[in-house]
Amino acid sequence: MSHHARERSEQTKQLRRLLTGRLCITWLLYTATFIIIALILNITLVPKMANTIADGVSSWQYWDRQDLPLDTCLDKLDATLFAMKDSWDDPNLLAQEQAAIEREAQALLASGETEEDVLSKLAIARASAPLDASTATSIDPYAPLLISINDNTPEWMSLADLQVMTVRRMIDLSAASPENWQFFATQTGIEGRDLSIYNAIRALKYPIAILLYLIGCFVVIFRGYGRALRYFDELAGAVASMLEHRDEPIKLPPQLHLTQDELNDLRMRSLADERAAKAAERRKDELVAYLAHDVRTPLTSVMGYLMLLDEAPDMPEEARQRYIRTAAEKSLRLEGLIDEFFEITHYNLQAIPIERENVDVRLFCQQVADESFPDAEARSIALHVDAPEGDAAFIDPEKLARALGNIMRNAVTYADADTTIQMHARIEGDTLSITVTDQGREISPAHLERVFEQFYREDGARSSAAGRSGLGLAIAKEIVTAHGGTIEAQSTDGMTTFTMRVPAHPSRSARPVAAHMVEGA
């Protein structure tokens, strides 16, 4: 995975963790807030709302106690009264009744009867002597009564309870949903109302609460995704800003600092590429001007000498031969410049195909040196080749000879007269290393970084040859790179050394794909 891909992956992980964490925290806070608010409302507001709703959807009905005497209640409920407690005005009668009941109950219990059986037998015994109506009318509504309903086990209850049960029994026979009725017993009567509609509304309380909670969850999630979409807006704005204001640094939220760094790096590289492209275009324009000037000079000379020869047929033979020789030299110079044009076209528009074979290293270096011998001899420069015998390298001899030849021509051009150019070749491990060292004009550190650029022709810097295109060293670098190797230059104390290293064996030969020279770069 590339460095930028890893950065994007890390940025994605950070954003995912950030958004997930924020979403979980927001959801937890929302849930806690919702529960607290729901509890507070359920304690304070909901009861008031319930009473308001109940009063609004139901009406009270009233039953007077005088209309519901004891005998009526007993008849409606199919009940039997067995005993009363604190229900008569005569304390003696009450005491006698209670004493009789207790004695009878104790006797039954002493005989081994259970409490339930005792109550049943007491009910049966008292059924033969029920209370008279005059006694019943004087009962306190809230005095305890021992009553059996539907011949069940007698239970203690009050007349008020019996009246409410009687009203309920009446409602059971007439209402569609008697279980929804609510009753209140007062001192003078009984009030009741049908809460069917209220209970139906109340049943919606929890579904409504759940619905509101889910709506809130949806809002929380929507806001979380909205925050993520805002990051996209930030990125889109940053890209637009990078295109409109290229000199200003890009600023993004802290959560996108990795993307911010990457975009700023991209902006800086884009600006650097733009400056490099402009510089290359400027150098190319200068090169065209140089070549046009260089072409015009020999062409003018050739035309001038040819016109002289044409206009003076009786010219002395010695002058004629001198003019012809000069015109031929200028023609050769013109041919070299035209070759320069073809060289630029070839290496700008085409790739460099590499076809390797095993080559004797010493013989290869000697042949390249021999091609530079005429130019070196003309300047009284000696060439010395130091290469081991018998060593072979797996290279493209034609292409690598072109690269090494360009370096040699550069050395011959800028070496001092009466000096020696040293060429050393060694196979170190799996790498073929070739160095070319000359003594002469020194290259400054600033120019050393640029001597391998296309069309680079600066005063005081090395180019492939004086007056040439400045493409020779750039072509050498592309050929070496196509072999999977490297090339570098060093210049110290007047000694300049070019070193190229390429794989020497098939297992280390890299880059089967051809290297490309960028047109116009």
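The values are calculated or read from the model by the stated rules, or taken from the named source; none is laboratory data. Remember, predicted model here, so these are calculated numbers, not experimental data. Ideal geometry is used to build each Cβ from the backbone, glycine not excepted, and the neighbour counts take in all protein chains shown. In case anyone asks, the SASA skips ligands and DNA or RNA and just uses the protein heavy atoms, side chains included. Shrake-Rupley method; radii C 1.70, N 1.55, O 1.52, S 1.80 Å.
For the stretch 485-521, filtering for residues that are assigned to a loop (DSSP other than H, G, I, E, B), closer than 17 Å to F452 by Cα and either at pLDDT 90 or above or of a type in the set (S, T, Y) (or both) leaves 1. The set of residues in the stretch 197-226 being in contact with a helix residue (DSSP H, G or I) (Cβ under 8 Å, 6 or more places away or on another chain) and open to solvent by less than 60 Å² (accessible area, probe 1.4 Å) consists of Y198, N199, A209, Y213, G216, C217, V220, G224. Could you tell me whether the stretch 424-433 includes any residue that is in contact (Cβ under 8 Å) with a residue 40 or more places away in the chain, more than 50 Å from the chain's Cα centre (by Cα) and surrounded by 16 or more Cβ atoms within 10 Å (Cβ to Cβ)? Yes: one or more hits.
Can you tell me which residue within the stretch 56-77, out of those that are among the hydrophobic types (A, V, I, L, M, F, W, C) and not in a helix (DSSP H, G or I), is least open to solvent (accessible area, probe 1.4 Å)?
If we filter the stretch 56-77 for residues that are among the hydrophobic types (A, V, I, L, M, F, W, C), which is where we start, we get 57, 60, 63, 68, 70, 73-74, 77.
Checking the rest, the ones that are also not in a helix (DSSP H, G or I) come to 60, 63, 68.
Numbers: W60: 104, W63: 45, L68: 11 Å².
Checked the stretch 56-77; the qualifying residue least open to solvent (accessible area, probe 1.4 Å) is L68.
T44 - would you say it is open to solvent by 80 Å² or more (accessible area, probe 1.4 Å), within 27 Å of A185 (Cα to Cα) and under 55 Å from the mean Cα position of the chain (by Cα)? Step through it out loud before you land on a result.
On the way: open to solvent by 80 Å² or more (accessible area, probe 1.4 Å): no; within 27 Å of A185 (Cα to Cα): yes; under 55 Å from the mean Cα position of the chain (by Cα): yes.
Criteria not met by T44.
All conditions but one from (1) within 28 Å of I197 (Cβ to Cβ); (2) in a strand (DSSP E or B) apply to L81; the one that does not is (1).
On the basis of being modelled with pLDDT under 60 and outside any loop (DSSP other than H, G, I, E, B), does S433 make the cut? It would help to see each step written out before you state the result.
Details: modelled with pLDDT under 60: no; outside any loop (DSSP other than H, G, I, E, B): yes.
Spelling it out, it is not the case that S433 is modelled with pLDDT under 60 and outside any loop (DSSP other than H, G, I, E, B).
Does P298 satisfy being modelled with pLDDT of 80 or more and either of a type outside the set (D, E, K, R) or out of contact with any Phe, Trp or Tyr (no Cβ under 9 Å at 6 or more places or on another chain) (or both)? No; evaluated as a whole, the condition is false for this residue. Considering (1) open to solvent by less than 60 Å² (accessible area, probe 1.4 Å); (2) modelled with pLDDT under 85; (3) assigned to a loop (DSSP other than H, G, I, E, B), the lone condition that R450 does not fulfil carries the number (1).
In the stretch 346-362, the count of residues that are within 30 Å of E389 (Cβ to Cβ), part of a helix (DSSP H, G or I) and either modelled with pLDDT of 75 or more or touching a Phe, Trp or Tyr at 6+ places or on another chain (Cβ under 9 Å) (or both) is one or more. Filtering the stretch 158-191 to residues that are farther than 26 Å from P141 by Cα and either open to solvent by less than 30 Å² (accessible area, probe 1.4 Å) or modelled with pLDDT of 85 or more (or both) leaves A175, S177.
Could you check the stretch 363-377 and list, in sequence order, the residues that are assigned to a helix (DSSP H, G or I) and either more than 14 Å from M408 (Cβ to Cβ) or of a type outside the set (A, V, I, L, M) (or both)? If you could, list the steps in order and put the result at the bottom.
Within the stretch 363-377, the first condition is being assigned to a helix (DSSP H, G or I), and the residues that meet it are 363-371, 373-377.
Residues satisfying the conditions are L363, F364, C365, Q366, Q367, D370, E371, F373, P374, D375, E377.
Kindly establish whether R103 is among the basic types (K, R), at pLDDT below 80 and open to solvent by 90 Å² or more (accessible area, probe 1.4 Å). Considered against the rule, which asks whether it is among the basic types (K, R), at pLDDT below 80 and open to solvent by 90 Å² or more (accessible area, probe 1.4 Å), R103 comes out as yes. Looking at L19, L29, just one residue is at pLDDT below 80, of a type in the set (A, V, I, L, M) and within 30 Å of I210 (Cα to Cα), and that residue is L19. Against the list (1) surrounded by 14 or more Cβ atoms within 10 Å (Cβ to Cβ); (2) out of contact with any Lys or Arg (no Cβ under 6 Å at 6 or more places or on another chain); (3) of a type outside the set (G, A, S); (4) modelled with pLDDT under 75, the condition D194 fails is (4).
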